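This report concerns only the one structure given below.
The values are calculated or read from the model by the stated rules, or taken from the named source; none is laboratory data. Since the model is a prediction, treat every value here as computed from it, not as a measurement. Reconstructed Cβ throughout: ideal geometry from the backbone, glycine too, with neighbour counts over all protein chains shown. Side chains included, ligands, DNA and RNA excluded: accessible areas come from the protein's heavy atoms. Shrake-Rupley method; radii C 1.70, N 1.55, O 1.52, S 1.80 Å.
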Amino acid sequence: LGALDLANEVFNKEGVSGIIGAASSGPSSAAATISSQFMVPQISYSSTSPALSGGKKGQHAYFLRTPPSDALEGEGIADLLRNHMGYNKIATVNSDDSYGAGGVESFRTAAAAVGMTVLVSVSIANDQREFSAQINDLKRANARIIVIFTQAKDAGPFLRSAYQSGVGGPG
């Protein structure tokens, strides 16, 4: 909505050389859709969704980012876990926003490429506070390594609840 207001108020009247922001992938995607229509570059300092990559004409064509894509992050995590730490079975947890869904998908693709098995994948909603179903799935999988792609505000409550329920611990 902010990008649309900016487009209506400023793009048409004063001209804009570029936009800096947003801080996360969902709002950046919405803003990039608008800014691309006006051929105005947008630079994000922390949006990492692979969906923002590619720059196809009309689809985020003017979007740039300063951090690497989640696709690269997923490859790095898979490489570290498999090739440097020797793990071949893991579980994943992701938030259902563009960061969590895109990040975990990139990781699962990279994990499969290096021969890892994902025992279970569970999703949590943003601002969710009750996790018994997801925690039960993780317990049944008995995974030693759990890769989590969520915003920090959602990871904290989930991790606290999981630990209190017996997920994780020594070893």
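Some points to look at:
- Nearest-0.05 FRET efficiency for Arg144 and Leu72, computed from C-beta distance (R0 25 Å): 0.50
- Rg to Rh, two decimals, where the chain supplies the alpha carbon set and Rh follows Kirkwood: 1.07
- Phe38-Asp127 FRET efficiency (beta carbon distance; Förster radius 35 Å; 0.05 resolution): 0.60
- Probe 1.4 Å - accessible area at Glu130, Å² to nearest ten: 110 Å²
- Accessible area of the chain belonging to carbon and sulfur atoms, whole % at 1.4 Å probe: 54 percent
- Residue-normalised accessible area of the range 40-91, expressed per residue, 1.4 Å probe, Å²: 55 Å²
- Length added when fully stretched, Leu80-Tyr45, from 0.36 nm per residue minus Cα-Cα: 10.1 nm
- Helical content of the chain, expressed as a calculated mean residue ellipticity at 222 nm, amounts to -12000 deg cm²/dmol (DSSP H runs of 4 or more residues, -39,500 (n - 2.57) each, divided by residue number, nearest 500).
- Probe 1.4 Å - accessible area at Tyr45, Å² to nearest ten: 130 Å²
- Ranking Thr150, Thr66 from most to least accessible surface, computed with a 1.4 Å probe over the protein chains only, gives Thr66, Thr150.
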